[in-house]
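Down below is the structure, laid out as structure tokens.
The values are calculated or read from the model by the stated rules, or taken from the named source; none is laboratory data. Predicted model only: the values in this text are computed from it and were never measured. Note that we place each Cβ from the backbone using ideal geometry, even for glycine, and neighbour counts take in every protein chain shown. We work out accessible area using only protein heavy atoms, side chains counted, and drop any ligands, DNA or RNA first. Shrake-Rupley method; radii C 1.70, N 1.55, O 1.52, S 1.80 Å.
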Amino acid sequence: MKTLRRFAHIASSYWLVLVVAASLATLAGCGGGGGGGNGGPPPAPVASLSPTSLTFTSQTVGTTSSAQPVTLTNTGNATLNITSITISGDFNATTTCPNPGSLSAGSNCTVTVTFAPTASGSRTGTISIVDDAAGSPQAVALTGTGSAAVNNQAQVTVDLGPPALIADCTAIGSNVSCDADTLFVTVTVCAPGSTTNCQTIDHVAVDTGSSGLRILQTVLTSNLASALPLENASSGSPLGNCVVFADNSFIWGPVVNADVSIAGETTAGSTSFTSGLPIQVISAPGSNFGNLLPAGCSGTFADNTVDVLGANGLIGVSVFQQDCGPYCVSNIPSPAAYYSCPSSGCTGTTEPLLGQLQNPVWAFLHDNNGLSINLPAIPQSPDIGEATVAGTLTFGIGTQSNNALGTATVYTTDDVGDFAATYNGVKYGTGGIANSGAYIDSGSNGLYFLDPTTTGMSDCGGNFTGFYCPASVTSFTVTNAGSNGNSGQVTIKFDNAVNLLNNNPSFAAFDDFGGQASLTVDYGLPFFFGRTVFVGIEGQSANGTFWAY
Amino acid sequence: MKTLMAVVGLWLLGAAPAWAVLGRSVDSVESDRKMLEGTVQRVTLPYYSIHQITRDGMTVKEYVTPKGTVFGVSWQGPTMPNLSQLLGDYYQDFQREVQSRPRRRGPAIVQTDDLVVESSGHMRAFHGRAYVRSLVPNTVTREVIQ
């Protein structure tokens, strides 16, 4: 049984403080005194508990469940004198009941119980209420299952990318993506239900600006590629997906089903995706599906090779569960995101939510309410960037001892995942065609921040047009504000982009690299250095859809 | 900016226009109907007019000179529009510019002596604008293109 000292400590943050029990003998005597007298049954308290047992679902060891209440009602016709309320096992409680104290006839109070398993397996405990009613002590049986914590952390790196890319990375303008500030993780993809037909794929770019796993066909083994079933559109024909990004690059390929794992987390066995998670195979140039490319799916950069994509794949882990989401369930945007692809050619189609490309994190069996990315700060003297940086991608928010929000401020988003940013008295994120909000995008390889007129920084010009080239490192303080009313200041800084890239061409990580954007603030990868950034996935927690840092 | 208040005409039409094409005649745009039906809203101002086309979640505004030339376009929608269609003959200039530089994964900015293209956003929320400096009427500032 839990000591009263501990019980008092647990309840100390609430208005009721449980105290050391009074003398049972004294209280019993008091109750007995009320029972003397004439021939009818003496007035007596009756302690009724509802429910008389509580069961908690599986809970990760070291974490605390949501609360369940137990109501104590005095259904008798005399005051109930409570001597003590205690709890045992891996359970904690707060209560509105007097402890000790009296509960008048007809009154009730509540004991609120949480489950915090200290070990895996079946865990049991008891709430025990000692009072002057018949049957004392009254008991509530508590049961729960502790589940072993899974490894929810993967190493992420900022480096120059897959070896195949580095080998081809010769010169700027060669249409080879020799860009810095790209974050990579290793992902394991398996045929649905298989634990043997799997491929571990390194250098998959981590993108908090999109949702969905997309792997290049050119890096998949034929053994795995042939075992990933094509997903069908409602027409019965294979389902294709197109995404065009703001930089006018595009990705095209079929939606297939697979099991996806990172660190100890997996989508295998997900009840929402019993036949596997929808992911995309990025069609290789000239492949059968590649040749079905719809006319509307086009852009300047075809992200269908390692050289152009700059990675072996892209893992979208935004604040949203799906890439397009509800809009594509009942509408076909222009250009379409989803296509029905008979061999005669593809046409735009709608697609139900669970058939769309999914942020794999929300489909994980555990730690699926969000993620966080922690990158160490770039050394500041001299502040020239780093060749490589290693950080941590952690799944779940507040689900294990290693992923609490802590002191991070939560910024809830608008319906497209943005929040407001105010710089120099001007607020960005007030709506309108060219005044969208700010967003945090690990897939952006720079800080993209307003324009030279507003920032006072020079554009580099020439082949670096669009990037900033200030004479010296220049800092800006921006105030971010979430829909929840939280606000806070951040400082971002810019160095001369040409010098950064030219002085150390083998460096991959810069915290002060960026350029112009149109009336918006894109907190790209440089924002992540020296921070832990949380991505709160829609519908998965009480905080709603949010960023936190 | 005060000219924006001087709305002298506003129509809602049930026409089926294609997206605007930068630099082309507005008539050629309307005859080039490849796309599905949408609604077009026209606002005529003293020195230019705005044709706002809304279709499939995408809002495109075309900015037209009194003689009918599209000097600017802007867009906003859940997916990225087809820039080759919006920019027309200027798309090659745009492509040449962005391909000649370090890859920018993020908003696209092109600023040549004549062409300006700004494209921002992420999945579910894209927006941007483009205009041709030499086609913008002298009495109009580029800030009107939003």
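Annotations for the structure displayed:
- Folded to 0 to 90 degrees: helix A:24-33 orientation relative to chain A principal axis, Cα: 50
- Tensor-based shape of the range A:377-517 (alpha-carbon gyration tensor, a/c under 1.5 rounded, otherwise prolate or oblate): oblate
- When the Cα positions of A:PHE494, A:GLY385, A:PRO100 are compared along the charge dipole of the protein assembly as shown, A:PRO100 comes out farthest toward the positive end, with charges on each C-beta of Lys, Arg, Asp and Glu.
- Whether the range A:492-549 is rounded, prolate or oblate, judged on the alpha carbon gyration tensor where a/c under 1.5 counts as rounded: prolate
- Residue ranges B:106-118, A:134-146 sort as B:106-118, A:134-146 when ordered by packing (mean number of other C-beta atoms within 10 Å per residue, highest first).
- Nearest-20 debye value, the range A:391-549 charge dipole, Cβ charges on Lys, Arg, Asp, Glu: 260
- For the peptide A:408-416, the mean number of other protein chain Cβ atoms found within 10 angstrom of a residue's Cβ is 1.
- Simple spin-label estimate for A:LEU365 and A:ALA542 gives 2.8 nm between the two label positions (7 Å along the Cα-to-Cβ direction from each Cα).
- For the range A:429-549, share of DSSP beta bridges that run antiparallel, in % to the nearest 5: 80
- Solvent-accessible area per residue in the range A:408-522 equals 33 Å², computed with a 1.4 angstrom probe and all protein chains kept.
- Eigen-decomposition of the gyration tensor built on the alpha-carbon atoms of the range A:212-352 gives equivalent ellipsoid semi-axes of 21, 18, 16 angstrom, largest listed first.
- Fraction of accessible area attributable to carbon and sulfur, the range A:306-433 (%, probe 1.4 Å): 54
- Estimated inter-spin distance, A:SER330 and A:ASN232, nm [label 7 Å along Cα→Cβ]: 2.6
- Rounded to the nearest 20 debye, dipole of the range A:210-336 from Cβ charges on Lys, Arg, Asp, Glu: 160
- Pairwise Cα separations in the range A:472-522 fall into 10 Å bins from 0 onward with the following percentages, short to long: 20, 43, 26, 10, 1.
- Restricting the calculation to Cα atoms, every distinct pair contributes to the Kirkwood radius of chain A, found to be 26.6 Å.
- Fully extended contour minus Cα-Cα distance, from A:THR477 to A:THR274, at 0.36 nm per residue: 68.4 nm
- Expressed to the nearest 5 percent, the antiparallel share of DSSP beta bridges inside chain A is 85 percent.
- Sites A:LYS427 and A:VAL46, calculated FRET efficiency, Cβ-Cβ separation with R0 51 Å, nearest 0.05: 0.25
- All Cα pairs of the range A:331-411, percent lying beyond 21 Å: 59
- Prolate/oblate/rounded label for the range A:307-363 (Cα gyration tensor, a/c 1.5): oblate
- Cβ neighbours within 10 Å from other chains - mean over B:84-96: 2
- Take the Cβ atoms of A:SER343 and A:ASN502, set R0 to 51 Å, and the FRET efficiency comes out at 0.55.
- Partner shielding of A:332-340 amounts to 5, given as the average count of beta-carbon atoms from other chains within 10 Å of each residue beta-carbon.
- The charge dipole of the protein assembly as shown, taken about its Cα centre with unit charges on the Cβ atoms of Lys, Arg (+1), Asp and Glu (-1) only, comes to about 1140 debye.
- At an R0 of 45 angstrom, the distance between the Cβ atoms of B:SER134 and A:LYS493 translates into a FRET efficiency of 0.80.
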